[in-house]
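Visitor: What follows is a single structure, and I will ask about it in a moment.
The values are calculated or read from the model by the stated rules, or taken from the named source; none is laboratory data. None of the values given here were measured: they were computed from a predicted structure. Positions of Cβ are generated from backbone atoms using ideal geometry, with glycine treated the same way; all protein chains shown enter the neighbour counts.
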Amino acid sequence: MTVTATRRVLLVAHTGREEAREIARSFAKSLTAHGIVVRLIASEAAEIGLDAALFDPAIETVADDGAAAVDCEVAVVIGGDGTILRAAEITHGSGTPLLGVNLGHLGFLAEADPDDVEATIEAIIARDYTTEERLTVDVTVYRGTELVARTFALNEASVEKAARERMLEMVVEIDGRPLSRWGADGVVCATPTGSTAYNFSAGGPIVWPVVEALLIVPLSAHALFGRPMVVAPSSVIAIEVMATNEGAGVLWCDGRRTVDLPPGARIEVRRGAPVPLVRLHDSPFTDRLVAKFDLSVEGWRGAGERRLRNGGKTPDSAADTDGSDA
């Protein structure tokens, strides 16, 4: 007799939105009907209205203890990019791919929209999807030789001043060598995935997700050499908060996790383990930029567009058959 392994899907939702709760219930109903166990954080299950006692064993509830995503083939995330970043915390270390259903504004991390719910459910049931690995950063904080904090970021790690009225004096180091001293509001260290988030707002470059690189963007630096930089993915970026600072700083990772930085703190940022994102469509990143930012491409006459206008022929082949060269 063949024993079939139980399939499990983790479900994470923005429970503060009724639309998200409704979509979560739709996912749970459809997936469990196909023999797939749906797992939820216990507190979220109660807010969504999925009582495990009524659906057991098709619905599982677990504690948010760092092991919630273990043995799950995919994590379906219903909400905006903030919800996906929260899900990345839950799945960090498990390697579970994230599939975002966007209910937010831009939703660069999400793969599907609310109108795509049925197609997304069918893709999960049929395992008809691919994954794309996204670079992350590991972040460590030292006070002297003491390690005081360790975390990660999918989008960015930013060192910022804690007091509005004071600049933060710091020295930036790349691969063990000092680069520049800045008096600034802070500095953003971003991944290519995060290049469309805080990095973009701070004036940094947009980097295609397939590019392996780390980005450094100073925030309102009082320095001649205070420009955005792109460094190798193998580089180690270090930011030393000067001991002479009168005020403290704060480390933000993905806008969610914070660490207080006293004068003299050292923050090191290096490449971390990748996070897999589910892809349902093979759409170019260029198209995603155009759609998300509503960019004008009026007047474009690319090769593909010309072929469409010429009935599938290239401009040269069209010229050969229309008699213009006769």
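Visitor: With the requirement that a residue be without any contact (Cβ under 8 Å) to a residue 24 or more places away in the chain and part of a helix (DSSP H, G or I), what does segment 108-117 give you?
Guide: Asp115
Visitor: Something else: Check Asp113, Asp64, Asp51 and return the single one that is closer than 21 Å to Glu132 by Cα and of a type outside the set (Lys, Arg). So that I can check it myself, show each step before the final result.
Guide: Details: Asp64 fails: closer than 21 Å to Glu132 by Cα; Asp51 fails: closer than 21 Å to Glu132 by Cα.
Checking each option against the conditions leaves just Asp113.
Visitor: Here's another thing I want to ask about it. Can you tell me which residues in segment 235-255 are part of a loop (DSSP other than H, G, I, E, B), farther than 12 Å from Val171 by Cβ and touching a strand residue (DSSP E or B) at 6+ places or on another chain (Cβ under 7 Å)? Show your work before the answer.
Guide: Applying the first criterion (part of a loop (DSSP other than H, G, I, E, B)) to segment 235-255 yields 235-236, 242-248, 254-255.
Now restrict to residues that are farther than 12 Å from Val171 by Cβ: 235-236, 246-248, 254-255.
Those that are part of a loop (DSSP other than H, G, I, E, B), farther than 12 Å from Val171 by Cβ and touching a strand residue (DSSP E or B) at 6+ places or on another chain (Cβ under 7 Å): Ser235, Val236, Gly247, Ala248, Asp254.
Visitor: I would also like to ask the following. Let me spell it out: the conditions are (1) touching a helix residue (DSSP H, G or I) at 6+ places or on another chain (Cβ under 6 Å); (2) over 14 Å from Leu215 (Cβ atoms); (3) in a strand (DSSP E or B), and Ile121 meets all of them except one. Which number is the exception?
Guide: Tallying (1) touching a helix residue (DSSP H, G or I) at 6+ places or on another chain (Cβ under 6 Å); (2) over 14 Å from Leu215 (Cβ atoms); (3) in a strand (DSSP E or B), Ile121 fails exactly one: (3).
A quick yes/no check of all residues on (1) closer than 30 Å to Leu10 by Cα; (2) assigned by TED's automatic domain parsing to the domain that holds Ala87; (3) surrounded by 16 or more Cβ atoms within 10 Å (Cβ to Cβ):
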position	(1), (2), (3)
Ser180	no, no, yes
Pro218	no, no, yes
Ser234	no, no, no
Asp254	yes, no, yes
Ile267	no, no, yes
His281	yes, no, no
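Visitor: Working only within segment 17-27, note down all residues that are touching a residue at least 12 places away in the same chain (Cβ under 8 Å) and over 18 Å from Ala126 (Cβ atoms). I'd like the intermediate steps shown before the answer.
Guide: Just the residues of segment 17-27 that are touching a residue at least 12 places away in the same chain (Cβ under 8 Å), to begin with: 17, 19-21, 23-27.
Across segment 17-27, the qualifying residues are Arg17, Glu19, Ala20, Arg21, Ile23, Ala24, Arg25.
Visitor: Might you check whether a residue that is more than 30 Å from His34 (Cβ to Cβ), without any contact (Cβ under 8 Å) to a residue 24 or more places away in the chain and not in a loop (DSSP other than H, G, I, E, B) occurs anywhere in segment 128-148?
Guide: Residues of segment 128-148 that are more than 30 Å from His34 (Cβ to Cβ), as a first pass: 135-148.
Next cut, without any contact (Cβ under 8 Å) to a residue 24 or more places away in the chain only: 145-147.
Narrowing further to those that are not in a loop (DSSP other than H, G, I, E, B): 146-147.
Checked against the condition, which is being more than 30 Å from His34 (Cβ to Cβ), without any contact (Cβ under 8 Å) to a residue 24 or more places away in the chain and not in a loop (DSSP other than H, G, I, E, B), segment 128-148 yields at least one hit.
Visitor: Out of curiosity, is Val211 modelled with pLDDT of 95 or more and buried (at least 16 other Cβ atoms within 10 Å of the Cβ)?
Guide: Values: modelled with pLDDT of 95 or more: yes; buried (at least 16 other Cβ atoms within 10 Å of the Cβ): no.
No, not satisfied.
Visitor: Collect the residues in segment 262-304 that are among the hydrophobic types (A, V, I, L, M, F, W, C) and part of a loop (DSSP other than H, G, I, E, B), keeping them in residue-number order. Spell out the reasoning first.
Guide: Of segment 262-304, the ones among the hydrophobic types (A, V, I, L, M, F, W, C) are 265, 267, 269, 273, 275, 277-278, 280, 285, 289-291, 293, 295, 297, 300, 303.
Passing the criteria: Ala273, Leu280, Leu295, Val297, Trp300.
Visitor: Moving on. Would you pick out the residues in segment 128-156 that are out of contact with any helix residue (DSSP H, G or I) (no Cβ under 8 Å at 6 or more places or on another chain) and aliphatic (A, V, I, L, M)?
Guide: Within segment 128-156, Val137, Val139, Val141, Leu147, Val148, Ala149 qualify.
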